[in-house]
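Chemist: Okay, here's the structure, questions in a sec.
The values are calculated or read from the model by the stated rules, or taken from the named source; none is laboratory data. All values reported here derive from a predicted model rather than from experimental measurement. With ideal geometry, Cβ positions are generated from the backbone for all residues, glycine too; neighbour counts draw on all protein chains shown. Side chains included, ligands, DNA and RNA excluded: accessible areas come from the protein's heavy atoms. Shrake-Rupley method; radii C 1.70, N 1.55, O 1.52, S 1.80 Å.
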Amino acid sequence: MVDSQYYLPNDIGISALDCHEAFRLLSPREKKYAHYLSRAAWYGGLVVLLQTSPESANIFVLLQRIFRKQTPEQLEDVAKAAGLSSDEYQAFLVYAAGLYANMGNYKSFGDTKFIPNLPKDKLEALVRASQAFQENPTAMEALWSSSSCLIYSLEERQKQLGLGNKGISTYFSGNCCLEDAELAQRFLDSKKLSAYNTRLFKRDNGGKPCYEVRLASAVQKDCAVDGECESSCGSFNFEDKEFIVKRGDYSPLMEKVCHYLQQAQAYAANENQKKMLEEYRRSFEFGSIEAHKEGSRYWIKDKGPIVESYIGFIESYRDPFGSRGEFEGFVAVVNKAMSERFGKLVSSAEVLLPELPWPQEFEKDKFLKPDFTSLDVLTFAGSGIPAGINIPNYDDIRQSEGFKNVSLGNVLAVAYATQKEKLTFLEENDKDLFIKLKGPSFEVQVGLHELLGHGSGKLFVQDDHGKFNFDQSKVVNPETGEKVSSWYQGSETWDSKFSTIASSYEECRAECVGLYLCLNKQAL
């Protein structure tokens, strides 16, 4: 018997995101803009398969080929004829939906592997009986034989994502451990390179370890990018180890992303959007995080657009070391009525910030009022859809130039809806009240979590010129009563410094701020 945490139950809920009306209300130009951005997002989203597990991409292609030839209804007849029960066929559909939703065979929340809830021989019978297999047996046989053992394998290391012998990761070669990740981080810091769009591969070179850092880019050749005095690629000696920095990771997919971003540019609504897309394109073409930061600056300046989007190597939750970003891209339409409510929350932010339990010196010198909109998602390519987002994640930009908050309205509407018959521990007459207030309550929590959770607080930094952004002779640590004795140096970031716990800790901080303020009368 397989532990039930490793498969998805047959009665799992599937929610469709309603975006029909949001898209219908766009002008023809806005529709084209949204369309080409969506194409860029979906092609980039395929990178996530390659960032999850060695087998994810092959499973995806196998499923795509099966579903392109036959509808689920037609396949059901094939499954019956191949000896599958209706429960087993349902389990196949649930597994496929799970793979598409998580963009791989590991859960995006929890990082646990999931396997099909039907015997391997039954799944194989369905694959072999499918029209796709009949028409192209050689390619389908190759896909099945390369992935079938790994689809079902629950060896200790393969049960979860992790580094070294603790789990599976494709951000690192399988022979990398925590020490290798720490060494690579020190190397990247020394070259002022961000880890966000990289992967690390370790190999033996005549008895000495050699590390290859791959940058995600369309271009494969080594050349200096505008703004670089010298190329960041090449061979380097660091702490008596050899490091090679190369471009071209995910190159064919990055080419597609660049192509569709260029198409979208023709339909941009203003100069900020045009420049933003130009910088994103440069980022994905050459593997430059500096260009992506520049694009993010234009994105922050693009206040209240009708069509909102963001794309790139963004969240570092699934890198076991916590500093490499997973690709995501979203395109959404602003919901004006709901955005108005969040606008009121933004305008009272300066009144709410002093309510938080830390001294004023621990807050930014000036609260940079962000854009806070409610969006109806048209496209979200990645390993899962959150309820709210606060980006960009670049500390230097967030501290001095600002950020944007978004609440994903049509996600909230379906993902957190509750069925009355599934409610436990409540009296009947309380269930209706609970269902009525659950959505609006969660909206309050999402708003506070994003705006005043992720949006609050200051990083104490000493820059490369020795200048401090706080008065180190006066600022006192409230926990100890002593002066603050440590701070970030130069290009160090929250992610690079706290690596393995950075994402979890920051989410807990934002969640605590939301819970702390959610009964505050002013906030309500």
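Chemist: Looking at the stretch 394-405, which of the residues that are open to solvent by 40 Å² or more (accessible area, probe 1.4 Å) and among the polar types (S, T, N, Q) is nearest to the chain's Cα centre (by Cα)?
Modeler: The selected residue is GLN399.
Chemist: Okay, moving on. Hey, among SER169, SER173, which residue is surrounded by fewer than 18 Cβ atoms within 10 Å (Cβ to Cβ), closer than 30 Å to GLY490 by Cβ, among the small types (Gly, Ala, Ser) and modelled with pLDDT of 95 or more?
Modeler: Criteria check complete, one pass: SER173.
Chemist: Sort through ALA97, ALA91, ALA81 and tell me the only one that's of a type in the set (A, V, I, L, M) and open to solvent by 60 Å² or more (accessible area, probe 1.4 Å).
Modeler: ALA81
Chemist: Any idea which residue in the stretch 18-59 is nearest to ALA195 (Cα to Cα), counting only those that are modelled with pLDDT under 95 and of a type in the set (D, E, K, R)?
Modeler: Checking each candidate, the answer is ASP18.
Chemist: Scanning the stretch 429-465 for residues that are crowded, with 19+ Cβ neighbours inside 10 Å and charged (D, E, K, R), which turns out farthest from ILE12 (Cα to Cα)?
Modeler: Result: GLU450.
Chemist: Let me ask you something else. Would you confirm whether or not the stretch 415-426 contains a residue that is within 21 Å of the chain's Cα centre (by Cα) and of a type outside the set (Gly, Ala, Ser)?
Modeler: Taking every residue of the stretch 415-426 in turn, at least one turns out to be within 21 Å of the chain's Cα centre (by Cα) and of a type outside the set (Gly, Ala, Ser).
Chemist: Filter the stretch 406-422 down to residues that are among the small types (Gly, Ala, Ser), in a helix (DSSP H, G or I) and surrounded by fewer than 19 Cβ atoms within 10 Å (Cβ to Cβ) and give me whichever is modelled with the highest pLDDT.
Modeler: Per the criteria, the residue is ALA413.
Chemist: Can I ask one more? Give the residue that is nearest to LYS458 (Cα to Cα), with candidates limited to residues of the stretch 509-524 that are aliphatic (A, V, I, L, M) and surrounded by fewer than 16 Cβ atoms within 10 Å (Cβ to Cβ). Walk me through it before giving the result.
Modeler: Keep residues of the stretch 509-524 that are aliphatic (A, V, I, L, M), which gives 510, 513, 515, 517, 519, 523-524.
Cutting the leftovers down to surrounded by fewer than 16 Cβ atoms within 10 Å (Cβ to Cβ) gives us 515, 519, 524.
On the way: LEU515: 20, LEU519: 24, LEU524: 25 Å.
Checking each candidate, the answer is LEU515.
Chemist: I would also like to ask the following. So if I check each of LEU163, LEU143, LEU123, which one is under 28 Å from the mean Cα position of the chain (by Cα), over 26 Å from PHE321 (Cα atoms), surrounded by 14 or more Cβ atoms within 10 Å (Cβ to Cβ) and not β-branched (Val, Ile, Thr)?
Modeler: LEU143
Chemist: Quick check on the stretch 466-503: of everything there that is open to solvent by 70 Å² or more (accessible area, probe 1.4 Å) and hydroxyl-bearing (Ser, Thr, Tyr), which residue is nearest to GLY388 (Cα to Cα)?
Modeler: THR500
Chemist: How many residues, within the stretch 166-212, are closer than 18 Å to GLY234 by Cβ, among the polar types (S, T, N, Q) and in contact with a helix residue (DSSP H, G or I) (Cβ under 9 Å, 6 or more places away or on another chain)?
Modeler: 3
Chemist: All but one of (1) of a type outside the set (A, V, I, L, M, F, W, C); (2) open to solvent by 10 Å² or more (accessible area, probe 1.4 Å); (3) in contact (Cβ under 8 Å) with a residue 60 or more places away in the chain hold for PRO252; which doesn't?
Modeler: (3)
Chemist: For the stretch 370-387, check the following and say yes or no: at least one residue is under 22 Å from HIS20 (Cβ atoms) and open to solvent by 50 Å² or more (accessible area, probe 1.4 Å).
Modeler: yes
Chemist: Looking at LEU200, LEU183, which is the one that is touching a residue at least 40 places away in the same chain (Cβ under 8 Å) and farther than 21 Å from ASN393 by Cα?
Modeler: LEU183
Chemist: In addition: Does GLU242 satisfy the criteria of being surrounded by fewer than 19 Cβ atoms within 10 Å (Cβ to Cβ), in contact (Cβ under 8 Å) with a residue 24 or more places away in the chain and of a type in the set (Asp, Glu)?
Modeler: yes
Chemist: Show the residue pairs that are 6+ apart or on different chains and have beta-carbon atoms under 9 Å apart, the first residue being within the stretch 502-524 and over 24 Å from GLY325 (Cβ atoms) and at pLDDT 95 or above, the second being open to solvent by less than 60 Å² (accessible area, probe 1.4 Å) and not in a helix (DSSP H, G or I).
Modeler: Listed by first residue and then by second, the contacts come to TYR516/LEU356; LEU517/LEU356; LEU517/ALA523.
Chemist: For LEU118, which of the numbered conditions (1) over 19 Å from PHE327 (Cβ atoms); (2) surrounded by 19 or more Cβ atoms within 10 Å (Cβ to Cβ); (3) out of contact with any helix residue (DSSP H, G or I) (no Cβ under 7 Å at 6 or more places or on another chain) fails to hold?
Modeler: Going through (1) over 19 Å from PHE327 (Cβ atoms); (2) surrounded by 19 or more Cβ atoms within 10 Å (Cβ to Cβ); (3) out of contact with any helix residue (DSSP H, G or I) (no Cβ under 7 Å at 6 or more places or on another chain) one by one, LEU118 breaks only (3).
Chemist: Looking at ALA510, ALA523, which is the one that is outside any loop (DSSP other than H, G, I, E, B) and under 30 Å from TYR317 (Cα atoms)?
Modeler: Numbers: ALA523 fails: outside any loop (DSSP other than H, G, I, E, B).
Unique residue meeting the criteria: ALA510.
Chemist: Surrounded by 13 or more Cβ atoms within 10 Å (Cβ to Cβ) and in contact (Cβ under 8 Å) with a residue 12 or more places away in the chain: is that true of LEU426 in this structure?
Modeler: no
Chemist: Would you pick out the residues in the stretch 284-300 that are out of contact with any Phe, Trp or Tyr (no Cβ under 7 Å at 6 or more places or on another chain) and of a type in the set (A, V, I, L, M)? If you could, list the steps in order and put the result at the bottom.
Modeler: Our first condition is that a residue be out of contact with any Phe, Trp or Tyr (no Cβ under 7 Å at 6 or more places or on another chain); within the stretch 284-300, this holds for 284-288, 290-291, 294, 297-298.
Once the filter is applied, which keeps residues that are out of contact with any Phe, Trp or Tyr (no Cβ under 7 Å at 6 or more places or on another chain) and of a type in the set (A, V, I, L, M), the stretch 284-300 yields only ALA291.
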